[in-house]
Amino acid sequence: MKPQIYLDTSVISAFFDEDRPDRQALTSQFFDQATSQFELYLSEMTLTEIANTRDETLRTKMQNFTTPFMVLTNTPEVNRLAEDLMQHGAVPPSSLEDAYHIAMAIISGMDYLASWNFKHMVRVKTQKVVSEVTTLKGYHPIDITSPQELIKFATNGGHDYDEPNANPFPLRPPTIPHGNGNNGH
């Protein structure tokens, strides 16, 4: 079974974002690899956010682009978990949509949530709180990561470090500082 990835709206919009060509290229590369290596999902929230895009041309492009992806439906359980994530500080109070995306991915049993949202989602604090809440509530843990990291993961045969056969934690002898060890104090 292929790993399952939930896509938030930032990943879809980045595919068309000509103002950020590096991110657009990475997103394009992600979709080139992802379609054969992962099962891709989005939610009703993603489609609603796309439908609310002001630029009609961009909105139409994104809507057309998302038609092949499986759409996850909202449930009361998703809403409850989103509220729990907000209460525990996974995302700021003004970011209910982000909590919803995370909750949807968790409740749906996704392996990964792909996002370019480093402000509220792809960050250490969010990962920590999400891990704590999923453990507390008995849900399957989820990795929240960027498409760029998922490209590395897919390219390296399921390893999330750069060299597929390398030990990610090589043993090295301790580094001993030169001098008397008191740094001049």
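When you look at residue 95, is it buried (at least 20 other Cβ atoms within 10 Å of the Cβ) and either modelled with pLDDT under 95 or hydroxyl-bearing (Ser, Thr, Tyr) (or both), yes or no?
Taking the combined requirement at face value, the residue does not satisfy it.
Would you pick out the residues in region 48-73 that are closer than 19 Å to residue 106 by Cβ, without any contact (Cβ under 8 Å) to a residue 40 or more places away in the chain and among the aliphatic types (A, V, I, L, M)?
70, 71
Scanning region 123-132 for residues that are free of Cβ contacts under 8 Å to residues at least 24 places away in the same chain and in a helix (DSSP H, G or I), which turns out surrounded by the most Cβ atoms within 10 Å (Cβ to Cβ)?
Among residues in region 123-132 that are free of Cβ contacts under 8 Å to residues at least 24 places away in the same chain and in a helix (DSSP H, G or I), the one surrounded by the most Cβ atoms within 10 Å (Cβ to Cβ) is 127.
Mind checking which pairs have a first residue in region 102-113 that is free of Cβ contacts under 8 Å to residues at least 40 places away in the same chain and a second that is aromatic (Phe, Trp, Tyr), Cβ under 7 Å, 6 or more apart or different chains?
106/139
Of the conditions (1) modelled with pLDDT under 95; (2) over 21 Å from residue 15 (Cα atoms), residue 151 fails just one. Which one is it?
Failing condition for residue 151: (2).
What single numbered condition from (1) in contact with a helix residue (DSSP H, G or I) (Cβ under 8 Å, 6 or more places away or on another chain); (2) closer than 18 Å to residue 7 by Cα; (3) among the aliphatic types (A, V, I, L, M) fails to hold for residue 70?
In the conditions (1) in contact with a helix residue (DSSP H, G or I) (Cβ under 8 Å, 6 or more places away or on another chain); (2) closer than 18 Å to residue 7 by Cα; (3) among the aliphatic types (A, V, I, L, M), residue 70 misses (1) alone.
Only one of 44, 56, 77, 39 is acidic (Asp, Glu) and touching a Ser or Thr at 6+ places or on another chain (Cβ under 7 Å). Can you tell me which?
Of 44, 56, 77, 39, the one residue that is acidic (Asp, Glu) and touching a Ser or Thr at 6+ places or on another chain (Cβ under 7 Å) is 44.
Quick check: is even one residue across region 41-60 within 16 Å of residue 142 (Cα to Cα), out of contact with any His (no Cβ under 8 Å at 6 or more places or on another chain) and outside any loop (DSSP other than H, G, I, E, B)?
Yes; the residues of region 41-60 include at least one that is within 16 Å of residue 142 (Cα to Cα), out of contact with any His (no Cβ under 8 Å at 6 or more places or on another chain) and outside any loop (DSSP other than H, G, I, E, B).
Return the residues of region 61-91 that are over 22 Å from residue 12 (Cα atoms) and either outside any helix (DSSP H, G or I) or of a type in the set (Lys, Arg) (or both); say none if nothing qualifies.
Scanning region 61-91 gives 75, 80, 88, 89, 90.
So that you can scan it fast, the table gives a plain yes or no per residue for (1) more than 11 Å from the chain's Cα centre (by Cα); (2) over 27 Å from residue 2 (Cα atoms):
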position: 74; (1), (2): yes, no
position: 102; (1), (2): no, no
position: 119; (1), (2): yes, yes
position: 124; (1), (2): yes, no
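I need a count of the residues in region 133-148 that are in a helix (DSSP H, G or I), free of Cβ contacts under 8 Å to residues at least 60 places away in the same chain and buried (at least 17 other Cβ atoms within 10 Å of the Cβ). Even if it seems obvious, please write down each step before you answer.
Filtering region 133-148 for residues in a helix (DSSP H, G or I) gives 133-137, 147-148.
Okay, now just the ones that are also free of Cβ contacts under 8 Å to residues at least 60 places away in the same chain, so 133-137.
Among the residues that remain, those that are also buried (at least 17 other Cβ atoms within 10 Å of the Cβ) are: 133-134.
Summing the residues that are in a helix (DSSP H, G or I), free of Cβ contacts under 8 Å to residues at least 60 places away in the same chain and buried (at least 17 other Cβ atoms within 10 Å of the Cβ) in region 133-148 gives 2.
The values are calculated or read from the model by the stated rules, or taken from the named source; none is laboratory data. From a predicted model like this one, the values you see are computed outputs, not experimental measurements. No Cβ is skipped: glycine too gets one built from the backbone with ideal geometry, and neighbour counts run over all protein chains shown.
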